[in-house]
Each structure stands twice: as structure tokens, then as C-alpha cells.
Amino acid sequence: MRKIMVIGASGVLGKLICIELLRVFDNKIKLIVTDYKNERGKKLANSLNNDVEFKYLDVNKVENVKQVIKNIDIVVVVLKQKNPTIQEICINNKILCVDVTPFYDFVEKVNILNQSAENNDTGTIVMSGFFPGLSGLMVKKAVSNFDEVIEINVGLLQNTNAKAGITGILDMLKIISQQVSFENKIIPGFTKKRKMYFVNHLKEKEVRLIHHSEKIVLKNQLTVNSINYWTSWNVNAFNKLVSFLRQIGFIEVVHKLNNKVLSQIVKPKPNKNENAFLTVEVKGTIDNKEKVKIVSLSTFSDYHTTAMVTASLTKIAQQKKLKGVIYPFEVVNLDDLLSEINCINIIIEEFEK
């Protein structure tokens, strides 16, 4: 029976990943959850009702981490690290590691461990999730039948009611506040606008240009020059508010507020949906004709989808002999991943125009 450890299991996303791991593996795993707070970790383990084990782990205590990450088959990382200590320990112990980090500055540090991972015949997956993760798989599928790709646009339509947790909100605000390179110019994030098609919407929706770490990865791996990432929320007034807060520098202030203050400000309504939408639009040539291909996906929750992607990717990855630092689109294609996820609430459509 596979032993899978989830580090950062007590957060909103961590709990969902635990639930999804038990689901996709049909409860035929030994799940170990970790926390630096004993009572919280034990409570989580007991709530999962599947002979789940708890282990104390403080990511800031390297010796403690080394002691805990032993005799495990897979480690899933759902917390932030300044340095890839967990990845390094996993590589040394020949343990497959899957991380949900969305930031390239951390991925660069993991990339330094690539040779070590290859030498140890060990895989370490980064950027697992919905955006990035599933978005990269959609790009790979969308470009597959083009002879030449002129431009790729990736759009995320978010939901103001998303139960992303404080970490998810801060991550997105950090992404939005970064400057973005566009047509050889550097411009503020979340300012330039365009319209994109999304599943289940009669009209195209306005989205705003952002810097996104997955863009760097895809440009390098797929040798695509022009790729842009866009996002907005489903409530226009909220987009205007976020834009205003970015202009006056308040997003930097939000990052300094403690979690208790933020949790009072951000309260999702339980009876409202939290549907999210992701679209990849590729412009290029097929048989010397200019074409635009659209791959568009809708889901009931971006955070729960991140959990489903991560759990299903973990299951697929452990059946393969992976070596080195790897991105989700190098492990599996979109159709096979969605088949493993097996969720009727994720809808995908493709068409050319």
C-alpha cells in the first residue's frame, strides 16, 4: 500500500487534497498528514476517518523534516517554502514529490535540484493545480495540431465567491500586482484589457493582462514566443476595486494584514456557486490557413479543481518512472487527466473559428 504524506494538510487546499487522494486511490493508500500544531493535525487526521496518521512537522526545522520524511512513497507539498528543503530531502530519499506552488521564483530554486533528481531516478513535480497546472495542459492540447503558432492567450474568469482561503487570495493579489511584459513594453499588471470567450457565457467577457509564472515555463518548453495570461472576476465592480487598490498600492498593504483581519473581510456565501472558467485561445496556421482554436473549460470550484488535479496527477505520476524537475503537462495529457479526475462538474469544449 502506497504511503502518501501531505505537508500543509490543515489549510483549505490541503484538506481538499487529502479528500481527493483518498477518492482517486479508492482509499487504498496510507495517508499521513502533517502540521506544526499537534491538536489541529490530530483533529484533521481523525476527521478523515480512513486510518489517517498524523505526524508533527515544522518546515522551519530542517532536522525535524529529515526525520519525518522517511519511508514514504510520495510527498505532496501544499505550503510555502523559502527554499525547496522538502524537495531536496525527497530527492535524497528517492521519494516522488508534488508541489502546488504557483510562483516561478520558487520553481527556479527547485530547478537547481534537477541534476540531483535525475541522478537519483526521482521525479519532483512543480506547479500542480488549476492555474497553473490544468492551464498548461490545455495550452499543450490547443497547440497540438498547429503547424505554426502566432499567439496564445490564456484567460481565467474567477468567482468572487470562491472559497480559496486567505493564501489563495494573497497569491492571486501578488500575481496581479506584478508588472507584465507585453509587446516589448513593461506595463502595470491588471490594466490592459481584452475580451475572451468562456463556456456557458453568451457574451465574451472582459479580462485583464497579468504576469504569470506558467508563461515562462511554456515559452521555454513549447518554444512559443507570444503567450499572454489574462484574468478577471465575474463581478465587474470587484475588478474595478482590485484595479483601484493596485493603483494606490493597497495590495502591498493587504499582504501585511494578518489572516484574522482578512478572514473577516473575505467571507464566501455557502449557498452561492463558485464556478470558475478557463480558456485557451490559439492563433496560428494549419495547412497554410490561419486558424483560431479555442479550448474552454468550466468547473464548480477552482480550489477544489486544484485538489483534483493534484491528486489525480499524483496517481498517474506514481505509475511512471519520472526523473528530474517536471511540469504537469510533461506527465500527462489533458484528456487522460480529466478521465482520471472523473468529475461531471468539469465541462470542456473545443472549436475552431
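Going from most exposed to least, what order do Tyr327, Tyr197, Tyr56 have by accessible area with a 1.4 Å probe?
On the way: Tyr327 15, Tyr197 50, Tyr56 75 Å².
Greatest to least solvent exposure: Tyr56, Tyr197, Tyr327.
Once the Cα atoms of helix 213-222 and of the chain are each reduced to a long axis, what angle between those two axes, in degrees from 0 to 90 to the nearest 10, is obtained?
In the chain, helix 213-222 runs at an angle near 80 degrees to the longest axis.
Between Val199, Ile72, Leu57, whose Cα lies farthest towards the positive end of the dipole of the chain when Lys and Arg beta carbons carry +1 and Asp and Glu beta carbons carry -1, centred on the Cα centre?
In the chain, that residue is Leu57.
Of Lys70/Lys174; Lys94/Lys140; Lys15/Lys291; Lys272/Lys320, which sit over 32 Å apart, Cα to Cα?
Details: Lys70/Lys174 34 Å; Lys94/Lys140 29 Å; Lys15/Lys291 42 Å; Lys272/Lys320 40 Å.
Listed pairs above 32 Å: Lys70/Lys174; Lys15/Lys291; Lys272/Lys320.
Let me see the pair-distance distribution of the stretch 57-143: every alpha carbon pair, 5 Å bin width, integer percents in order.
Answer for the stretch 57-143: a P(r) of 3, 14, 24, 23, 19, 10, 4, 2, 1, 0 percent.
In Å², and per residue, what accessible area does the chain have when probed at 1.4 Å with the other protein chains present? Kindly include the intermediate steps, with their values, before the conclusion.
Working: 16790 Å² over 353 residues.
About 48 Å² of surface per residue is accessible.
Is the shape of the stretch 1-40 rounded, prolate or oblate, going by the alpha carbon gyration tensor and its root eigenvalues a ≥ b ≥ c, with a/c under 1.5 for rounded and a/b larger than b/c for prolate?
On the way: a/c = 2.87, a/b = 1.61, b/c = 1.79.
Taking the square roots of the gyration eigenvalues as a ≥ b ≥ c, the stretch 1-40 is oblate.
Run through the DSSP bridge list for the stretch 128-242 and note the antiparallel percent, rounded to the nearest 5.
Values: 10 of 17 bridges.
Given both bridge residues lie in the stretch 128-242, the antiparallel proportion sits at roughly 60 percent.
Considering only DSSP beta bridges where both residues belong to the chain, give the percentage that are antiparallel (nearest 5). Please report the intermediate quantities before stating the final value.
On the way: 36 of 67 bridges.
Roughly 55 percent of the DSSP beta bridges within the chain come out antiparallel.
In terms of modelled amide H atoms, which long-range or inter-chain residues lie less than 5 Å from the amide H of Thr191?
Residues meeting the amide H criterion: Leu209.
Among Cys97, Cys343, Cys18, determine the one that fluctuates most according to a GNM of the chain built with springs between C-alpha atoms less than 10 Å apart.
Of Cys97, Cys343, Cys18, the most mobile in the Gaussian network model is Cys343.
Using a 1.4 Å probe and ignoring any ligands, DNA or RNA, find the accessible area of His304 and quote it in Å² to the nearest 10.
40
Report, to one decimal in Å, the Kirkwood hydrodynamic radius for the chain based on all distinct Cα pairs.
On the way: mean 1/r = 0.0478 Å⁻¹.
Mean inverse Cα-Cα distance, inverted, gives 20.9 Å.
Leaving out same-chain residues fewer than 8 places away, which aspartates and glutamates sit with a Cα under 15 Å from that of Lys43?
The reachable aspartates and glutamates, counting only those whose Cα sits under 15 Å from Lys43, are Asp35, Asp51, Glu53.
Identify which of Thr85, Thr101, Thr279 has the largest mean-square fluctuation in a Gaussian network model of the chain, with springs joining Cα atoms closer than 10 Å.
Thr85
For the stretch 101-213, count all C-alpha to C-alpha pairs, find those more than 25 Å apart, and express that count as a whole percent of the total. Don't jump to the answer; show the numbers that get you there.
Numbers: 2221 of 6328 pairs.
The proportion of pairs with Cα distances above 25 Å equals 35 percent.
Given a 1.4 Å probe and the protein chains all in place, what does the accessible area of Tyr303 round to, in Å² to the nearest 10?
Surface accessible to solvent at Tyr303 totals approximately 40 Å².
Could you run the Debye sum over the Cα atoms of the stretch 135-190, one equal point scatterer each and no solvent, and tell me log10 of I(q)/I(0) at q = 0.19, 0.21, 0.24, 0.31 Å⁻¹, two decimals?
Ignoring solvent entirely, the Cα scatterers give -0.93, -1.01, -1.07, -1.19.
Please list the non-local residues whose amide H lies under 5 Å from the amide H of Gly324, H modeled 1.01 Å from N, same-chain partners needing a gap of 5 or more.
For Gly324, the qualifying residues are Glu118, Thr122, Gly123, Thr124.
Please compare each pair in Lys42/Lys215; Lys28/Lys321; Lys55/Lys321; Lys82/Lys203; Lys55/Lys323 to a cut-off of 32 Å on the Cα-Cα distance and tell me which ones are over it. Walk me through the numbers before you get to the answer.
Values: Lys42/Lys215 39 Å; Lys28/Lys321 21 Å; Lys55/Lys321 28 Å; Lys82/Lys203 42 Å; Lys55/Lys323 28 Å.
Pairs exceeding 32 Å: Lys42/Lys215; Lys82/Lys203.
Could you work out the relative contact order of the chain? I mean the mean sequence separation of Cα pairs under 8 Å and 6+ apart, divided by the number of residues, in percent. Walk me through the numbers before you get to the answer.
On the way: 686 pairs, mean separation 75.6, N = 353.
Result for the chain is 21 percent.
What dipole magnitude, in Debye to the nearest 20, does the chain give about its Cα centre under +1 on Lys/Arg Cβ and -1 on Asp/Glu Cβ? Numbers along the way, then the final one.
Numbers: 48 positive and 36 negative charges, 224 e Å.
The dipole of the chain has a size of about 1080 debye.
Which percent of the accessible heavy-atom area of the chain goes to carbon and sulfur, probe 1.4 angstrom? Please report the intermediate quantities before stating the final value.
On the way: 8030 of 16790 Å².
Summing carbon and sulfur atoms, their accessible area is 48 percent of the total for the chain.
Could you compute the longest span of the chain free of GluC sites (Glu not before Pro) located in DSSP loops and having at most 14 other Cβ atoms within 10 Å, not counting the site residues?
Working: sites that count: Glu183, Glu204.
The longest such stretch corresponds to 1-182.
Between Leu48, Leu278, Leu202, where does the largest GNM mean-square fluctuation fall for the chain, given springs only between Cα atoms within less than 10 Å?
Leu202
In square nanometres, what is the average projected area of the Cα convex hull of the stretch 1-93?
Details: hull surface 21.9 nm².
Over every viewing direction, the Cα hull of the stretch 1-93 projects on average to 5.5 nm².
What whole number of Å gives the distance from the Cα centroid of the stretch 71-130 to the Cα centroid of the stretch 213-240?
Comparing the Cα centres of the stretch 213-240 and the stretch 71-130, I get a distance of 24 Å.
The values are calculated or read from the model by the stated rules, or taken from the named source; none is laboratory data. All of these numbers come straight from a predicted model, not from anything done at the bench. Neighbour counts run over all protein chains shown; Cβ positions are idealised from the backbone, glycine included. Protein only, heavy atoms only, side chains kept; ligands, DNA and RNA dropped before computing areas. Shrake-Rupley method; radii C 1.70, N 1.55, O 1.52, S 1.80 Å.
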